[in-house]
Amino acid sequence: MAVEFFHSVTLQREKCQGCVACVKVCPTEAIRVRNGKAEIIGDRCVDCGACAARCPYHAYSVVTESLDRLQDHEYNIVLPAPSLYAQFPEKVARPTIWQGLRYLGFDEIFDVSLASEYIALEIEDYVKNYRGGRKPLISNTCPAVLRLIQVKFPELIKQVVPILAPTEAAAIYVKKEAAQRLRLAPEKIGVWAISPCPSKNTNIHQSVDVRDTQLTGSFSLSEIYGLLLKHLGEDEEIKVSTGSSYGLAWGAYGGELLSAGISHGLAVHGIDDVYDMLEQISMNKVPQLDYVECSACQGGCIGGILAAQNKFVAESNLRGRIRLLRQKEPADREKAMARSMTLKDFPSSKDHVKPLVPRPMMQLDDDIVTAMKKFERMEEVLSSLPGLDCGACGAPSCQGLAEDIVQGKAHEIDCIFKLRSSVHRLAQGMLELARQIPISHEPEKPKEER
Amino acid sequence: MTDTLKLSYYCPGDDFDRAGEASAKVKKALQRLGVPPDVVRRVAIGTYEAELNVIIHAGGGTVTAEVSGESTLITVSDEGKGIPDIQAALQEGFSTAPEYARQMGFGAGMGLPNMMKCSDEFNIESTVGKGTVITMRFCHRSEDL
């Protein structure tokens, strides 16, 4: 049974130069260059956006919603996350950003950092009461990481905490609450995220971890940022409940650990580092850790490819905002968070999450005996390849080409070195033939060959 | 059994730059063959422990994986100094590491017990002065994930 996977990352073929830069950085080896253009293997792609970040020709784009879609709903709620605030220096107060959002057509604003605090407490509780299972637990907030686990580390699925990402929880809470308050049918309310990355957008269309996502769609952070720049308002009296500095900290790496009060954890960010860490966890090399926070983007969500600001600028903006908030709140984490957490009936993750399903993509064949034959053949082919991993064949490595060859998706002479040696052999054969002059025309004294 | 794939890797002694390579290769191969992920994980962990043992204690050795449809058999053999008292070595916490190393978290005496724990069949033969052979069998039943 083939499942069609939705992907937010798409290639604009006309811009692609076939340079294999993206092929090399893909963590799941999901890209090949064919006929001079990159092709994404949909089954393997985890929507991390590493290809888009690397492409020198900006040939990848991320599909997000257009603001016209607000017209499909009677009432629209937007969920700004810390990554949005981090695009602006701390002196740009949040109400001016909210006012800009209102100008863009949103009727209501719900601050994701507030939801983050409820989620942080759920995580804290889950980690404290976790007994007997394998450690460390792995965070559930980055959908690209979840997909990477499904594809490459299905053995770690049980270690992923069954807890909602803050934006998802916020959407579930606010849609229900607004529907009651406004006496509107829930489907008439649009709930929108502003996404810093493709994976969050993909997860709205095809969620791997939420049973009943209440998000209607997401807009690109850089696009919203551009529009907001023109419409940052004078400080109007807009009131939005917000989280404390701890909820805001979720925008960058380490925020999750900090707000959940986890002292024995590690924050890992950047898809290569996440991959490396998952490998260590799989080998049971870090069982002393309680929790590992993983985000596919360097720096955390602020480093997403849809962010407008450079990740270091965004991080410094965010840290500045955190510092400002902290001056006004109790020093104690729990007290600081308790001050903002006054919502009634905030949803509990267990009613909404679904377990991740393994999606292993590594095997050569469904039948193990056939797979063994292919494996042997693959090793044979691999040993005949130059081992330079040059990428000229369109596969990420010689190993990748060997795999494509045994799967009937490539030929040995796709390797430029193999091609050259074949041409060389052929040329020699032709020379050999050319030398064989028919006896009828043999000159009297054959000249000495050079 | 006719359909068996045999892979062999040599692990040079005291070479910590390459430590873990053999088990990583076995792991990759099993993933390619479609062995259930949880079994792959157990094989990788058990093989890694055994691989490190031969690198640290035995001056090197060989890791062999024989994969069939039903199971994976890992054999790790060396021609090192051997284990004088196998029964003692199999006890959790038994260690020949000096006290200072143990205080630093090394040599916790869990190597062999861990191999026993993660494999479905475990066997060890050792002769002092001649070497050690460890075999671990892992059945390919799919565990619930």
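The values are calculated or read from the model by the stated rules, or taken from the named source; none is laboratory data. It should be emphasised that the depicted structure is a prediction, and the values quoted were computed from it without experimental measurement. Neighbour counts run over all protein chains shown; Cβ positions are idealised from the backbone, glycine included.
Descriptive notes on the structure:
- Checklist (1) under 16 Å from A:V240 (Cβ atoms); (2) within 14 Å of another protein chain (Cβ to nearest Cβ) applied to A:F153, failing item: (1)
- Matching residues in the range A:293-316 - criterion: being small (G, A, S), at negative phi and either under 12 Å from the mean Cα position of the chain (by Cα) or surrounded by fewer than 18 Cβ atoms within 10 Å (Cβ to Cβ) (or both): A:S295, A:A296, A:G303, A:G304, A:S316
- In the set (1) without any contact (Cβ under 8 Å) to a residue 12 or more places away in the chain; (2) part of a strand (DSSP E or B), the condition left unmet by A:D276 is number (2).
- Within the range A:385-395, tally of residues that are under 25 Å from the mean Cα position of the chain (by Cα) and surrounded by 21 or more Cβ atoms within 10 Å (Cβ to Cβ): 2
- All told, A:V9 meets the bar of being surrounded by 14 or more Cβ atoms within 10 Å (Cβ to Cβ) and under 18 Å from A:S195 (Cβ atoms).
- Within the range B:44-76, tally of residues that are away from chain A (no Cβ under 14 Å), farther than 16 Å from B:M116 by Cα and touching a residue at least 40 places away in the same chain (Cβ under 8 Å): 10
- Hits in the range A:360-378 (condition: in a loop (DSSP other than H, G, I, E, B) and surrounded by 19 or more Cβ atoms within 10 Å (Cβ to Cβ)): A:M362, A:L364
- Of all residues in the range A:161-186, those that are basic (K, R) and modelled with pLDDT of 95 or more have Cβ atoms under 8 Å from Cβ atoms of residues that are surrounded by fewer than 16 Cβ atoms within 10 Å (Cβ to Cβ) and in a helix (DSSP H, G or I), 6 or more apart or on another chain, in A:K175/A:P186; A:K176/A:P186.
- Number of positions in the range A:115-125 that are touching a Phe, Trp or Tyr at 6+ places or on another chain (Cβ under 9 Å) and not β-branched (V, I, T): 5
- Boolean, B:S95 is more than 24 Å from A:E155 (Cβ to Cβ) and at pLDDT below 90: yes
- If you filter the range A:266-292 down to residues that are within 14 Å of chain B (Cβ to nearest Cβ) and among the hydroxyl-bearing types (S, T, Y), you find that the one that is surrounded by the fewest Cβ atoms within 10 Å (Cβ to Cβ) is A:Y275.
- Pairing each residue of the range A:78-97 that is assigned to a helix (DSSP H, G or I) with any residue that is buried (at least 18 other Cβ atoms within 10 Å of the Cβ) and among the aromatic types (F, W, Y), provided the two are 6+ apart or on different chains, yields C-beta distances under 6 Å for A:P82/A:W250.
- Residue in the range A:347-366 that is in contact (Cβ under 8 Å) with a residue 60 or more places away in the chain, of a type in the set (G, A, S) and either within 13 Å of chain B (Cβ to nearest Cβ) or within 24 Å of A:E177 (Cα to Cα) (or both) present: yes
- Neighbours by Cβ (under 8 Å, 6+ apart or cross-chain): first from the range B:22-35, without any contact (Cβ under 8 Å) to a residue 60 or more places away in the chain; second assigned to a helix (DSSP H, G or I) and among the aromatic types (F, W, Y): B:S23/B:Y48; B:A29/A:F375; B:R32/A:F375; B:L33/A:F375
- Any hit, the range A:153-166, residues being surrounded by fewer than 21 Cβ atoms within 10 Å (Cβ to Cβ) and of a type in the set (V, I, T): yes
- Test: residue in the range B:119-128 that is more than 30 Å from B:R141 (Cβ to Cβ), among the hydroxyl-bearing types (S, T, Y) and either buried (at least 17 other Cβ atoms within 10 Å of the Cβ) or modelled with pLDDT of 85 or more (or both): yes
- Within the range A:396-427, tally of residues that are loosely packed, with under 14 Cβ neighbours inside 10 Å and either among the basic types (K, R) or within 34 Å of the chain's Cα centre (by Cα) (or both): 6
- Test: B:V39 is out of contact with any Cys (no Cβ under 6 Å at 6 or more places or on another chain), assigned to a helix (DSSP H, G or I), under 11 Å from B:F138 (Cβ atoms) and within 11 Å of chain A (Cβ to nearest Cβ): yes
- Single match in A:M372, A:M362, A:M430 (criterion: under 31 Å from the mean Cα position of the chain (by Cα) and not acidic (D, E)): A:M362
- Test: residue in the range A:367-378 that is among the polar types (S, T, N, Q) and within 12 Å of chain B (Cβ to nearest Cβ): yes
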